[in-house]
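First up is the structure itself, then whatever we jot down about it.
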Amino acid sequence: MELQDYTYIIVGSGFSGAVIAERIASQLGQNVLVIEKRDHIGGNCYSETDPETDIEFHRYGTHIFHTSNERVWNYICRFTSFNNYRHRVLSCHNGRNYPFPINLETINHFYQVNLKPFEVDNFMASIRDNSIKSPANFEEQALAQLGRGLYEAFFRPYTIKQWQADPRQLPASIFNRIPIRKNYDDSYFSDTWQGIPENGYTSIFNRLLADPRIRVLLNTDYHALKGRLNPNACLIYSGPIDRFFDYKYGKLSWRTLRFDREMIDTDNYQGNSVINFPDPDISYTRIHEPRHLHPERRYKTDKTIIFREYSLPDKGDEPYYPIPSDANQRLLSLYRQEAAQRTNLFITGRLGDYKYYDMHQTIDRALDIYETGILPLTRLTHAQ
């Protein structure tokens, strides 16, 4: 088929684009053109195997699949099976590791006490800032819940490194995503289903995009190609929403990441897949050791690979995370109003919606777009 013959065009091959492409091809029997600017499918969930150690790693940071959404779980399990990995994170403060998110062990270890679960509420009431009644930002929310000690140790310097912003400039809602536990539960997630795809994330995308009616163009910039495409096609766009409209109202700001890889002559460097480093004298935010994500594989190597993660302001190449400021929300509102005027356009994904999504949320949103947007639009077109 020629490019102008496609009536379904998808920009981006992460979970948003791949799921919608799979639905259109398998359920509607239609041809789909997927345009991907990178040299691989899978977006930021892309995984690959290190040739020297045979350790599979996630190129864009550790990704743990977790969900309590039965529809999403049933859908994704058609394309992969999962191991029994459960994510547990440590936070290294002043050279000592603490369980994170904060739980009873963190509190006892940090304050050198031996609280019982029923004693936690009274203890926290004694250390938190009770003068803050209506927290207006990240810092006030943290102080109102945790007090100065835990906030300064685990949150303030880490947040400055991670977001490139003072916590007083960030909304309280960011802090609210982090659970505080009064027991010894050290699991990072509490969802019903969790794990890592047994054959890696890339294998999922290979299966999602395997239908012969799906054509994938890698190393291709949609904006350079759009003049050759069918202007009346149904377009699903998962790139940055401001870029789609040529920055008509201005640029949204993003946070990006850099990962520095190192090979180490030991079979186990840190004993955990992810350790946070909140202290301000350490420039990176965390270290990933991917061998721990697949305990079922029992890698036979006397070497390991680690990735030091650095958080940076985006320069326009790799936007990762939206920055939830009032100014950005005003810009986003203008772009959404512009998009709403087009009946055959669906903008989605973390970049398109300018919203922090976990993988299961991205899949759920993609299924919704297909079922409540694309499918009715297709039926209407055929009826005409």
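The values are calculated or read from the model by the stated rules, or taken from the named source; none is laboratory data. Every value quoted in this text rests on a predicted model; they were computed, and no experiment measured them. Because the Cβ atoms are built from the backbone with ideal geometry, glycine has one as well, and the counts that use them run over all protein chains shown.
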Notebook entry, point to check: Among all residue pairs at least 6 apart or on different chains, which show Cβ distances below 7 Å where the first residue, located in segment 14-41, is assigned by TED's automatic domain parsing to the domain that holds Leu377 and the second is surrounded by fewer than 22 Cβ atoms within 10 Å (Cβ to Cβ) and among the acidic types (Asp, Glu)?
Noted result: Glu22/Asp211; Ala25/Asp211; Ser26/Asp211; Lys37/Asp221
Check: Filtering segment 347-376 down to residues that are farther than 21 Å from Tyr335 by Cβ and modelled with pLDDT under 90, which residue is farthest from the chain's Cα centre (by Cα)?
Finding: Pro376
Note to self: Suppose the filter is among the hydrophobic types (A, V, I, L, M, F, W, C), assigned to a loop (DSSP other than H, G, I, E, B), touching a residue at least 24 places away in the same chain (Cβ under 8 Å) and touching a helix residue (DSSP H, G or I) at 6+ places or on another chain (Cβ under 8 Å); does Phe110 pass it?
What the structure shows: no
Check: Within segment 128-150, is there a residue that is at pLDDT 90 or above, among the β-branched types (Val, Ile, Thr) and assigned to a helix (DSSP H, G or I)?
Finding: no
Checklist line | Flag if Val11 is surrounded by 20 or more Cβ atoms within 10 Å (Cβ to Cβ), within 18 Å of Ile374 (Cα to Cα), under 20 Å from the mean Cα position of the chain (by Cα) and in the same structural domain as Asp368 (by TED's automatic domain parsing) | finding: yes
Next item on the list: Under 7 Å between Cβ atoms, at least 6 apart or on separate chains: pull out the pairs that start in segment 218-236 with a residue that is not assigned by TED's automatic domain parsing to the domain that holds Val34 and end on any residue that is outside any helix (DSSP H, G or I) and among the β-branched types (Val, Ile, Thr).
Entry: none
Check: Hey, any hits in segment 170-177 for a residue that's in contact (Cβ under 8 Å) with a residue 60 or more places away in the chain, among the β-branched types (Val, Ile, Thr) and either surrounded by fewer than 18 Cβ atoms within 10 Å (Cβ to Cβ) or in a loop (DSSP other than H, G, I, E, B) (or both)?
Finding: no
